[in-house]
Amino acid sequence: MGIKGLQGFVARVCPDACRTVDLREIAEKHRIDHPDFPPVIVVDAMCCVRYWYTPESWVCGGQWREYLAVLEDFIKTFMAAGIKLVFYFDGVVEEKKRDEWIKRRLQNNKEIARIFQFIKTHRKQPGRGMFMVPSALPTFTRFALKSLGQKTVCTLQEADFEVAAYGLQQNCIGILGQDSDYLIYNTCPYFSIEKLRLDTLVTVMYSREDLCRALGLSLTHLPLFACLLGNDVVPESLLEGFWHKCLVTSPHKNNSYNRRANILLAVANYISKVPCSYSSLKHLEEMLPLGSDKTLLYRGVESYLLPGQQSPWIPPNVTNCQMLSLQQQTVVCQDKEIFQLAKEQHIQSENYAIFNILSNGEIDCSNSLEDECDTEIPGQALIYRSARQHIYSVLLESGKGGAYPLVKEWFVYFGNPLQQPELIQPVQPSIPGGTPNLKTLWFAKGPDVEKQRYSTFLACFHLQDGMEELQALEAPVAAFCCLLAYLMMQVSSLSLEDLNAFLALILCLKGKSSAQLAGLQIAQVDSRGVHLGAVFVRGLTTLLMANSACGFPFRMDDLMPWEVFDGKLFQEKYQQSHRGCSLEELLEGNESLYTPFQNLKSFICKACMAKKRTIQSRPRGNGFITGTQQREFNPRFQQTHRSSFVPPYHNQMRGFLWRNPQPQGKKH
């Protein structure tokens with residue numbers, strides 16, 4: 001989170017601490033000084049995703065192929081300069097940061113409501129001033145960077161601590177990010193992602209030493225300085241009285257600065273006169289209204305101590321309790337072999353959400369671009385809850401002898417005040433013979449186990465009867481159909497028009513380059529299409545979780561949004577479908593797609609009918625079309641599009657995108 005106002009303060013009040021630097025020159029100097037060690041920059045990726053996401057369209061669900069190309073360019077630029085990058089992602093939300101996390105999520109809800117209001121009023125995307133990253137962007141960025149061959153680490157605690165520690169221990173040339181905490185840690189230099197010019201590799205380096213010089217402090221003062229300004233450990237609300245006292249006695253008050261800048265100067269002035277000792281810290285703790293927890297300052301200062309570092313504010317030989325608490329944590333999963341593998345896969349960014357469930361039985365999900373006014377579509381958190389309950393059951397199999405442990409969910413959706421986690425009961429999926437043992441799914445080998453992994457995965461989405469048809473498809477298409485069928489089953493307001501739009505998307509996306517997708521223009525943006533795009537992309541993360549739990553029946557790469565989704569293309573198909581355009585227009589005149597379209601549609605409608613769900617035609621009269629007719633869909637015959645491509649359903653999946661390409665029905 002950083003220290004409120006510190007970054008802006010440094011830029012305005014301490015300009016000498018903001019040095020323009022050329023990363024190529026720094027790397028070259030490092031090579032001369034350390035010829036055996038290539039220059040490395042450690043990247044706080046969570047700070048960077050909003051700067052990396054440069055595609056023009058962000059509201060429709062994400063321009064994933066364009067984004068992948070942006071990341072590739074970013075990496076290539078640093079590689080050309082001989083700089084290795086190591087990317088760090090937050091793997092947990094620590095308990096001490098949960099209140100701040102909740103505050104931000106509730107604030108984001110208000111921002112999202114404004115975005116939807118804008119779209120409904122103007123039928124277009126808002127300007128960059130209202131920008132919000134597409135749903136699940138950090139999650140998919142992690143897998144994108146890994147697929148591009150980069151070292152990608154998912155943390156076991158707050159990322160800024162691990163980033164600072166890695167930078168120090170590995171003698172990195174710097175940290176790339178945008179978090180003022182990096183001004184406080186005594187680690188390698190801190191470079192700004194916000195100020196980075198990728199074409200020249202020139203950016204701003206924020207200098208701790210120059211900041212200290214301007215404030216009359218030493219480096220050892222900085223952790224206490226941060227705590228007395230308010231940070232993740234010490235809440236600002238406890239410090240107002242202290243700030244007032246500092247402001248009254250400060251000689252530096254400057255009317256041209258805002259109140260926050262004057263507070264920073266006054267606090268620096270105050271602690272510059274305090275002897276650096278543990279007894280001084282204890283005196284400060286007595287002076288502040290810390291309530292029952294008198295160790296807040298101590299813990300706050302200690303949180304900035306990296307492995308091997310000591311501080312005059314803290315007695316010597318104290319181990320950082322951040323590291324200690326990780327080792328002492330009691331875990332939900334008692335099987336050491338399973339827990340160890342989950343932990344390794346988590347750190348290496350190979351699985352998704354599994355370690356958090358097995359370690360402390362907790363999982364969270366941030367905001368999605370969902371329209372709280374659209375009561376026909378439940379929150380994505382609720383849509384996918386049934387699938388998650390099955391996934392929890394697969395993971396927490398100790399429940400077989402008795403009750404499952406409940407899973408604590410922090411999921412953002414309209415109507416959830418986030419005052420405490422929701423306690424969710426795992427539910428066994430419907431599998432003949434029961435759910436396979438987790439050790440079997442994760443460690444056993446052979447074709448029978450592969451089949452078990454696949455069938456368990458499908459059972460999490462109520463599709464175990466569709467295994468033969470789905471296995472006949474290319475893996476990304478099979479995963480797409482699995483998710484789409486589940487969505488159509490769960491959300492009764494989804495119509496034939498919605499189904500047609502999604503199917504046209506997956507068929508037309510194949511073979512389109514990032515440049516072609518970037519060039520696609522949409523005249524208007526439909527708010528419900530925006531909502532459905534976000535719901536679908538969040539569904540892909542549920543596929544990732546199920547895949548991780550079931551022992552990877554799919555390659556993770558096959559479940560990525562750049563394989564199966566594009567925001568603008570979905571908007572186009574959604575609007576065409578609800579406008580009632582012909583199948584020819586929907587499929588861009590490609591007749592070879594007619595039969596695959598019908599086969600996929602028949603499969604999904606058949607799966608829905610097995611669950612007593614009949615999909616109806618409901619073209620929406622929201623400015624694109626009028627019409628209120630309701631038509632039920634019979635998989636044997638339908639009139640939504642012209643009849644020339646409507647064969648009856650005879651398990652014709654094998655003609656479409658067959659894994660080992662067959663001559664018939666092959667798409668060029």
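General remarks:
- Single match in Y182, Y190, Y206 (criterion: open to solvent by 10 Å² or more (accessible area, probe 1.4 Å) and modelled with pLDDT of 95 or more): Y206
- Verdict on K124 being basic (K, R), modelled with pLDDT of 95 or more and not in a helix (DSSP H, G or I): yes
- Once the stretch 249-282 is narrowed to residues that are among the basic types (K, R) and assigned to a helix (DSSP H, G or I), the residue that is least open to solvent (accessible area, probe 1.4 Å) is R260.
Every residue, every condition in (1) part of a helix (DSSP H, G or I); (2) under 30 Å from S514 (Cβ atoms); (3) open to solvent by less than 30 Å² (accessible area, probe 1.4 Å), yes or no:
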| position | (1), (2), (3) |
| --- | --- |
| Q7 | yes, no, no |
| V10 | yes, no, yes |
| D16 | yes, no, no |
| T20 | no, no, no |
| E25 | yes, no, no |
| P38 | no, yes, no |
| I41 | no, yes, yes |
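- Among residues of the stretch 454-475 that are within 20 Å of Y384 (Cβ to Cβ), those with a Cβ under 6 angstrom from a residue that is among the aliphatic types (A, V, I, L, M) and outside any helix (DSSP H, G or I), sequence gap 6+ or separate chain, pair up as A459/I431.
- Residue-level analysis places T541 among those that are touching a Ser or Thr at 6+ places or on another chain (Cβ under 6 Å), over 28 Å from N590 (Cα atoms) and assigned to a helix (DSSP H, G or I).
- Here E584, E588 are screened, and the one residue that is over 24 Å from A136 (Cα atoms), at pLDDT 95 or above and outside any helix (DSSP H, G or I) is E588.
- The listed residue being in contact with a Cys (Cβ under 8 Å, 6 or more places away or on another chain) and polar (S, T, N, Q), out of N171, N186, N231: N171
- The residue that is most open to solvent (accessible area, probe 1.4 Å), counting only those in the stretch 523-536 that are over 17 Å from N500 (Cα atoms) and touching a residue at least 60 places away in the same chain (Cβ under 8 Å), is Q524.
- Answer from E468, E409 - the residue that is open to solvent by 10 Å² or more (accessible area, probe 1.4 Å) and either touching a strand residue (DSSP E or B) at 6+ places or on another chain (Cβ under 8 Å) or assigned to a helix (DSSP H, G or I) (or both): E468
- Cβ-Cβ under 8 Å pairs, at least 6 apart or on other chains, the stretch 233-244 side assigned by the TED database to the domain that holds L290, far side assigned to a helix (DSSP H, G or I) and open to solvent by 50 Å² or more (accessible area, probe 1.4 Å): V233/K96; V233/R299; F242/M287
- Residue in the stretch 83-95 that is part of a helix (DSSP H, G or I), surrounded by fewer than 20 Cβ atoms within 10 Å (Cβ to Cβ) and either under 17 Å from the mean Cα position of the chain (by Cα) or hydrophobic (A, V, I, L, M, F, W, C) (or both) present: no
- Residue list for the stretch 413-453, restricted to those being aromatic (F, W, Y), within 29 Å of G379 (Cβ to Cβ) and touching a helix residue (DSSP H, G or I) at 6+ places or on another chain (Cβ under 7 Å): Y413
- Some residue of the stretch 449-459 being at pLDDT 95 or above and touching an Asp or Glu at 6+ places or on another chain (Cβ under 6 Å): no
- Within the stretch 433-446, the presence of a residue that is open to solvent by less than 50 Å² (accessible area, probe 1.4 Å), within 24 Å of the chain's Cα centre (by Cα) and not assigned by the TED database to the domain that holds W64 is excluded.
- Any hit, the stretch 114-137, residues being open to solvent by 10 Å² or more (accessible area, probe 1.4 Å), of a type in the set (G, A, S), assigned by the TED database to the domain that holds N171 and out of contact with any Asp or Glu (no Cβ under 9 Å at 6 or more places or on another chain): yes
- Which numbered condition E285 misses (of (1) in a helix (DSSP H, G or I); (2) charged (D, E, K, R); (3) open to solvent by 20 Å² or more (accessible area, probe 1.4 Å); (4) farther than 29 Å from N360 by Cα): (3)
- Here Q345 meets the list (1) open to solvent by 40 Å² or more (accessible area, probe 1.4 Å); (2) modelled with pLDDT of 95 or more; (3) polar (S, T, N, Q) almost entirely, failing just condition (1).
For every residue, the table says whether it meets (1) over 21 Å from the mean Cα position of the chain (by Cα); (2) at pLDDT 95 or above; (3) assigned to a helix (DSSP H, G or I).
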| position | (1), (2), (3) |
| --- | --- |
| I522 | yes, yes, no |
| F536 | no, yes, yes |
| M545 | no, yes, yes |
| K573 | yes, yes, yes |
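- Verdict on D364 being out of contact with any strand residue (DSSP E or B) (no Cβ under 6 Å at 6 or more places or on another chain) and surrounded by fewer than 20 Cβ atoms within 10 Å (Cβ to Cβ): no
- Selection from the stretch 53-78 of residues that are within 21 Å of I115 (Cα to Cα) and of a type in the set (A, V, I, L, M, F, W, C): W58, V59, C60, W64
- Residues in the stretch 492-522 that are of a type in the set (A, V, I, L, M) and open to solvent by 50 Å² or more (accessible area, probe 1.4 Å): A515 alone.
- Scanning the stretch 576-593 for residues being at negative phi and either touching a residue at least 60 places away in the same chain (Cβ under 8 Å) or buried (at least 22 other Cβ atoms within 10 Å of the Cβ) (or both) gives a total of 10.
- In the stretch 542-562, the residues that are surrounded by fewer than 20 Cβ atoms within 10 Å (Cβ to Cβ) and closer than 19 Å to G61 by Cα: D557, D558
The values are calculated or read from the model by the stated rules, or taken from the named source; none is laboratory data. Source: prediction; values computed, not measured. Reconstructed Cβ throughout: ideal geometry from the backbone, glycine too, with neighbour counts over all protein chains shown. All accessible areas refer to the heavy atoms of the entire protein, side chains included, with ligands and DNA or RNA removed. Shrake-Rupley method; radii C 1.70, N 1.55, O 1.52, S 1.80 Å.
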